[in-house]
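Visitor: This is the structure I have questions about; it appears just below.
The values are calculated or read from the model by the stated rules, or taken from the named source; none is laboratory data. What you are looking at is a predicted structure, and each value in this text was computed from that prediction instead of being measured. Heads up, the Cβs are rebuilt from the backbone with ideal geometry, glycines too, and the neighbour counts pull from every protein chain shown. Each accessible area value is taken on the protein alone, full model and side chains, heavy atoms only, with ligands, DNA and RNA left out. Shrake-Rupley method; radii C 1.70, N 1.55, O 1.52, S 1.80 Å.
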Amino acid sequence: MRKHFTAVAAEPTAADLAAIESEWPLIAAELDVLDAEITMLYAEDHGGPTALDWRRLRRAEARVTRAAADLSTRTDPHRAA
């Protein structure tokens, strides 16, 4: 049985780029959490995470929460009402 595939654009469209741009604060905040988690894992090999490591993780998680809340309250002209 032969399947038909739709063509995939080689580059993102303007709408794709706009969506990424609007979600970028959340993406950056999630990357900060990932970086803090990696630091915590490496800290286990050197006596455990410090209070500063824990604070960095908590602040990064709070930044994700704020960014997600901000993103959810924005009005999206492409989303149906």
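Visitor: Return the carbon/sulfur percentage of the accessible area of the range 10-81, one whole number, probe 1.4 Å, all protein chains in place.
Guide: 59 percent
Visitor: Using a Gaussian network model on the chain with a 10 Å cutoff between Cα atoms, which of LEU34, LEU52, LEU71 fluctuates the most?
Guide: LEU52
Visitor: When the chain is modelled as a GNM with alpha-carbon springs shorter than 10 Å, which of PRO25, PRO49, PRO12 fluctuates the most?
Guide: It is PRO12.
Visitor: Okay, moving on. Hey, in the GNM for the chain with a 10 angstrom Cα cutoff, which one of ASP53, ASP45, ASP70 fluctuates hardest?
Guide: Evaluated over the chain, the most mobile residue of the options is ASP45.
Visitor: Now a separate question. For the chain, find the longest principal axis of its Cα atoms and tell me its angle to the long axis of helix 14-43, 0 to 90°, nearest 10.
Guide: 20 degrees
Visitor: Turning to a different aspect of this structure: Over the chain, give the accessible area per residue in Å² for a 1.4 Å probe, as an integer.
Guide: 87 Å²
Visitor: What's the FRET efficiency of LEU71 with PHE5 using the Cβ-Cβ distance as r and R₀ = 35 Å, to the nearest 0.05?
Guide: Given R0 = 35 Å and the Cβ-Cβ separation, E is 0.60.
Visitor: Only Lys, Arg, Asp and Glu count, each charged at its Cβ (+1, +1, -1, -1), so figure out the dipole size of the chain about its Cα centre, rounded to 20 debye.
Guide: So the magnitude is around 320 debye.
Visitor: Next question. So what's the back-of-envelope 222 nm ellipticity for the chain, counting only DSSP H runs of four-plus at -39500 (n - 2.57) apiece and dividing by all residues, rounded to 500?
Guide: Only helices count here, giving -23500 deg cm²/dmol.
Visitor: May I ask for the Kirkwood hydrodynamic radius of the range 1-48, worked out over all distinct Cα pairs and given in angstroms to one decimal?
Guide: One decimal place: 14.5 Å for the Kirkwood radius.
Visitor: Continuing with this model, one more query. So what's the Cα pair-distance distribution over the chain, bin width 5 Å, in %?
Guide: With 5 Å bins starting at 0, P(r) equals 3, 13, 15, 14, 12, 11, 10, 9, 7, 4, 2, 1, 0.
Visitor: Count charges around ALA51 for me, please; just the other residues with Cβ under 13 Å from its Cβ, Lys/Arg as +1, Asp/Glu as -1.
Guide: +3
Visitor: Further question on the same structure: Tilt of helix 51-73 relative to the longest C-alpha principal axis of the chain, in degrees (0 to 90, nearest 10)?
Guide: That works out to roughly 30 degrees.
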